[in-house]
Every structure is written in C-alpha cells, then in structure tokens.
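Visitor: I'd like to ask you about the structure that follows.
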Amino acid sequence: MKAEQRANGGRSSATPRDARPRRTSALQQSSIPRPERRKPAHFPTVEAEFRSIIIFLTVCVDRRRPLLANEQAAGLIITAWQAANFWRVGRYVIMPDHIHLFCAPNTFPPQPLKNWISFWRNHVTRAWSHRNQIPIWQRDYWDRQLRRDESYAQKWEYVVNNPVRHGYVAHAEDWSFQGELNILRWHD
C-alpha cells in the first residue's frame with residue numbers, strides 16, 4: 001500500500017472521506033489466476049425502449065505515434081466523420097496518439113459500430129499525405145455504451161481534461177483539437 005493511502009486510512013487521496021468501502025465479489029477475491037484481456041470486448045449496441053444510444057469510443061494510433069494533434073490530421077478526421085454519416089459524432093478530443101469521442105447511431109436500426117469505424121479510418125488513411133506513416137491506426141478500439149446521463153457528463157469531464165493531464169495545455173479550453181459536431185441528447 002502506498003504511503004499516501006496508509007495516511008488516509010487505506011483510501012487514495014481521490015476517494016472522498018465519507019465514501020463507503022467498495023464490496024468485492026467472490027470472483028474478485030479469488031486467488032485463481034484469470035487471463036488478462038488482450039483485446040477489448042465489443043458488445044452489440046443495446047436498445048432499451050426510448051433510451052439514447054451513446055457510445056464512448058477511444059481509437060489509438062498504431063504504436064501510439066504522435067500523428068494526430070495537428071490541423072491537417074484533425075481536418076481529415078472531421079471530414080471523414082462527416083462523410084460516414086450512419087453514426088453521428090458528438091463531443092470529441094483528438095490527442096497526438098489517440099482520439100476520444102462520443103457517437104450515436106444516425107440510422108434505425110443502428111448500423112454496426114465496427115463498420116462505421118472502419119469506414120472513417122479508411123477514409124482518413126486514403127487521404128493521408130505521409131504514406132510512410134501508414135498504417136495509422138491500431139487494429140482495435142475501445143468502446144463503451146453509456147447507461148445514463150451522469151455517465152455522459154462524467155466521461156466528458158475526463159475526456160476534455162485529457163490534454164491537461166498529459167501536460168499539453170494548462171487549461172482544457174486551450175486545446176485546439178476538441179469540439180462537438182452534433183449535440184447528442186440523453187433521454188430515457
């Protein structure tokens with residue numbers, strides 16, 4: 001246990017003082033070794049009555065090379081998102097080596113997320129002027145369907161502050177490669 005956690009009674013400094021201890025399942029407490037996931041699991045989009053479908057998506061550059069946080073790359077990415085209109089991009093942050101974004105289906109029934117990601121990544125790759133940097137993208141991506149409005153707000157708070165955590169800017173609003181292409185409204 002870290003010294004800081006020992007001083008705070010076993011909790012990290014980020015944990016509120018009045019927070020209840022977390023419960024752990026029998027599986028988490030088990031000493032049986034579990035294989036680590038080598039690839040992200042992609043679950044189908046869940047449709048529940050009239051609830052919004054909003055996906056939090058992270059797409060990384062191959063070998064995490066810093067290729068994206070420049071005007072040319074950002075322009076290509078945004079153009080590709082606009083061309084791939086069967087999903088809509090809401091808020092996004094383009095970092096040098098990865099992209100965080102929120103997206104929602106623009107068709108009913110929703111087209112597979114994987115197809116949309118392949119479409120816009122291929123669109124960017126075909127227009128990429130530095131051919132020696134190809135392949136641009138890692139093969140896989142990380143996606144998570146949001147379950148409630150609070151989750152959207154919390155995830156955006158994390159995403160928008162990513163450039164600050166990485167030391168690129170002092171204030172989130174100073175990062176040039178962020179924005180909102182469509183307003184994705186949450187409704188139950």
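Visitor: Name every residue in the range 119-140 that is in contact with a helix residue (DSSP H, G or I) (Cβ under 6 Å, 6 or more places away or on another chain) and either of a type in the set (Gly, Ala, Ser) or modelled with pLDDT under 95 (or both), in order of residue number.
Guide: Passing the criteria: only ALA127.
Visitor: Here are some residues: GLY179, GLY167. Which one is part of a strand (DSSP E or B) and either more than 13 Å from the chain's Cα centre (by Cα) or within 13 Å of ILE94 (Cα to Cα) (or both)?
Guide: Working: GLY167 fails: part of a strand (DSSP E or B).
Going through GLY179, GLY167 in turn, the sole match is GLY179.
Visitor: For residues that are basic (Lys, Arg) and surrounded by 15 or more Cβ atoms within 10 Å (Cβ to Cβ), tally how many sit in the range 145-188.
Guide: Our first condition is that a residue be basic (Lys, Arg); within the range 145-188, this holds for 147-148, 155, 165, 185.
Now drop any that are not surrounded by 15 or more Cβ atoms within 10 Å (Cβ to Cβ), which leaves 155.
Number of matching residues: 1.
Visitor: Checking the conditions here, which among ALA69, ALA73 is in contact with a Phe, Trp or Tyr (Cβ under 9 Å, 6 or more places away or on another chain) and part of a helix (DSSP H, G or I)? Reasoning before the result, please.
Guide: Details: ALA69 fails: part of a helix (DSSP H, G or I).
Testing whether each residue is in contact with a Phe, Trp or Tyr (Cβ under 9 Å, 6 or more places away or on another chain) and part of a helix (DSSP H, G or I) leaves just ALA73.
The values are calculated or read from the model by the stated rules, or taken from the named source; none is laboratory data. In this text, all values refer to a predicted model and were calculated from it rather than measured experimentally. Glycine also receives a Cβ, built like all others from the backbone with ideal geometry; neighbour counts cover every protein chain displayed.
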